[in-house]
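**Q** Here it is: the structure, laid out below.
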Amino acid sequence: MTIEYENLRKLNQSFSEEFRRAFDGVMNSGWYILGRQVSAFEEEFCDYLDYKNKFFSVGVASGLDALTLSLKSCDFSAGGEVIVAANSYIASILAIMNAGLVPVLVDPDPDTYNLSPKGVRDSISPKTVAVLPVHMYGKPCPMTEIMRIAAEHRLIVVEDCAQAHGASIDGRKVGTFGHFGAFSFYPTKNLGALGDGGAIVVKDESIYMKIRALRNYGSSEKYKNDYMGTNSRLDELHAAFLRIKLRRLDEINRHKQRLATIYDANLNGDVVLPVRREGMNDVFHIYPVRHPKRDELKKYLLANDIHTEIHYPIPPHKQKAFASTFAGLSFPVTEEIHDTILSLPISFIHTEDDVRRVVEVINSF
């Protein structure tokens, strides 16, 4: 029996009847852009984060736009520096550069793969304007300490929550610690749409109103443009689907956490497991292990009909697109992670027996 890494068709089958009703509702409404579904999802997403009275939510077209618009809304001077983990997905770096800012890459904590408070503190310069902690793979960054450092230096914090829907620290969900929380609803995420989508949660009401305008050509009133904005609107149809899946997000997260517990308890040998920290609720968007013979292990699993992925094979500073930007820079921890990391099956589609089979094959490697 083949164990796929992911199967989105199968994953969404359990929502299919509700999706059909939602589709009919949106189609028959005759309103397809920035209508009732988007407004309702924005409100319900704030409710889910448990900070409705302190936060506002804005639906946008993608996770990349969520990061970019958050930074652009701050009107930083060109060339301001933003601290970010060097092992992040390229979207985090692109957002900084798209906002006219300079990414300052920092090697992550070798245990958690996340930005560390020491890494932030050691990287602050007179040009630093913001910190962009990425909750890699669904594991929360140490936000309390990062926010304390940011407050000391009057820095803006944009949380990249693209992989961490529902992750929390001592019961408080990520995305509510920083000045901004940026989310992606790419189909493979724990909360995934049937296409691209994203959201920003923000504390400041005036900034919230500005981002609402920025996502819609810089307009808060039809045909009146106050800002040089863009077209980055969460579709009504995606919002309707997300409302359905949001109601089951905790169920999805608990399922993935159960699978992770089986991996944790049974994998052995040279496999480096994800680190668990007290008070940190990891939602395991990805279950990343590391192995010194990663490529051989991946081939061995495939030969046994088990599919895996690598998140990510090439770090941002070694991408061709950034050949001149990061020329000559080396990040040993990041490079070690990218050379040895392997993502094991941990989808809502997988059963506990699937995971036990993966464990059996890895332990026989």
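Just so it is clear, none of the values below were taken in a lab; they were calculated from the coordinates. Since this is a predicted model, take the numbers as computed values, not measurements. Positions of Cβ are generated from backbone atoms using ideal geometry, with glycine treated the same way; all protein chains shown enter the neighbour counts.
**Q** For segment 204-220, in order, what is each residue's ³J(HN,Hα) by Karplus, 6.51 cos²θ - 1.76 cosθ + 1.60 with θ = phi - 60°, in whole Hz (x at glycine and Pro)?
**A** So the Karplus estimates, Gly and Pro as x, are 7, 5, 5, 5, 4, 5, 5, 5, 4, 6, 4, 6, 10, 6, x, 10, 9 Hz.
**Q** OK, next. For the chain, give the share of DSSP beta bridges that are antiparallel, in percent and rounded to the nearest 5; count only bridges with both residues there.
**A** Among the beta bridges of the chain, antiparallel pairing accounts for roughly 60 percent.
**Q** Here's something else I'd like to know. Find how much the distance from E152 to E335 grows on full extension, using 0.36 nm per residue of separation minus their present alpha carbon separation; answer in nm with one decimal.
**A** Going from the current span to full extension adds 62.8 nm.
**Q** Let me ask something else. For the pair M97 and I33, what calculated FRET efficiency results from E = 1/(1 + (r/R0)^6), where r is the Cβ-Cβ distance and R0 = 41 Å, to the nearest 0.05?
**A** Computed FRET efficiency for I33 and M97: 0.90.
**Q** State whether segment 123-274 is rounded, prolate or oblate according to the following rule on the C-alpha gyration tensor (a ≥ b ≥ c being the square roots of its eigenvalues): a/c under 1.5 gives rounded; otherwise a/b larger than b/c gives prolate, and the remaining case gives oblate.
**A** Because a/c hits 1.5 or more and a/b fails to exceed b/c, segment 123-274 counts as oblate.
**Q** Taking 0.36 nm per intervening residue step and subtracting the Cα-Cα distance, what contour gain separates R9 from K127 on full extension?
**A** Roughly 37.8 nm would be gained on extension.
**Q** Let me ask something else. Place the peptides 57-65, 10-18 in order of packing, highest mean first, counting for every residue the other Cβ atoms within 10 Å and averaging per peptide.
**A** 57-65, 10-18
**Q** I'd like the FRET efficiency for D50 and Y300, computed as 1/(1 + (r/R0)^6) with the beta carbon distance as r and R0 of 41 Å, rounded to 0.05.
**A** 0.40
**Q** Dipole of segment 118-221, Cα-centred, from +1 at each Lys and Arg C-beta and -1 at each Asp and Glu C-beta, to the nearest 20 debye?
**A** The dipole of segment 118-221 has a size of about 120 debye.
**Q** Another question, then. Can you work out ³J(HN,Hα) from phi for every residue in segment 98-113, in order, using Karplus 6.51 cos²θ - 1.76 cosθ + 1.60 and θ = phi - 60°, giving whole Hz and x for Gly and Pro?
**A** Per-residue couplings from phi come out as 5, 8, x, 10, 10, x, 10, 7, 10, 4, x, 4, x, 8, 9, 6 Hz.
**Q** Grab the DSSP H runs of the chain that are 4 residues or longer, score each as -39,500 (n - 2.57), total them, divide by all residues and round the 222 nm result to the nearest 500 deg cm²/dmol.
**A** Calculated at 222 nm, the ellipticity per residue is -11500 deg cm²/dmol.
**Q** Which order do the peptides 104-112, 307-315 take when ranked by the mean count of other beta-carbon atoms within 10 Å per residue, highest first?
**A** 104-112, 307-315
**Q** Is the chain rounded, prolate or oblate when judged by the Cα gyration tensor, a ≥ b ≥ c being the square roots of its eigenvalues, rounded requiring a/c under 1.5 and prolate requiring a/b larger than b/c? Intermediate results must be reported in sequence, preceding the final value.
**A** Details: a/c = 1.85, a/b = 1.18, b/c = 1.57.
Cα axes put the chain in the oblate bin.
**Q** K318 to E278: extension gain in nm, 0.36 nm per residue of separation minus the Cα-Cα distance?
**A** Numbers: separation 40, 0.36 × 40 = 14.40 nm, distance 3.39 nm.
Here the segment from K318 to E278 would lengthen by 11.0 nm.
**Q** Once amide H atoms are built 1.01 Å from N in the peptide plane, which residues 5 or more positions from Y217, or in another chain, come under 5 Å H to H?
**A** Counting only residues 5 or more places away or on other chains, the set is T230, N231, S232.
**Q** Please report the spacing between the Cα centers of segment 332-347 and segment 178-201 in Å, no decimals.
**A** Spelled out, the Cα-based centre of one part sits 22 Å from the other.
**Q** Remind me, relative contact order of segment 249-363 in percent, using alpha carbon pairs under 8 angstrom and six or more residues apart?
**A** The normalised contact order for segment 249-363 reaches 38 percent.
**Q** Restricting to Cα pairs below 8 Å that are 6+ residues apart, what does the relative contact order work out to for the chain? Please round to a whole percent.
**A** Value for the chain: 22 percent.
**Q** Compute the Cα gyration tensor for segment 249-363, then decide on rounded, prolate or oblate, letting a ≥ b ≥ c be the square roots of its eigenvalues: rounded whenever a/c is under 1.5, prolate when a/b is larger than b/c in the other cases, and oblate in all that remain. Each step should come with its number before you reach the end.
**A** Values: a/c = 2.08, a/b = 1.55, b/c = 1.35.
Prolate.
**Q** On a 31 Å Cα-Cα criterion, which of the cross-link pairs K189/K299; K189/K224; K293/K320 come out too long?
**A** K189/K224, as the Cα separations exceed 31 Å there.
**Q** Find the centroid of the Cα atoms in segment 1-59 and in segment 264-280, then give the distance between the two in whole Å.
**A** Going from one Cα centre to the other spans 32 Å.
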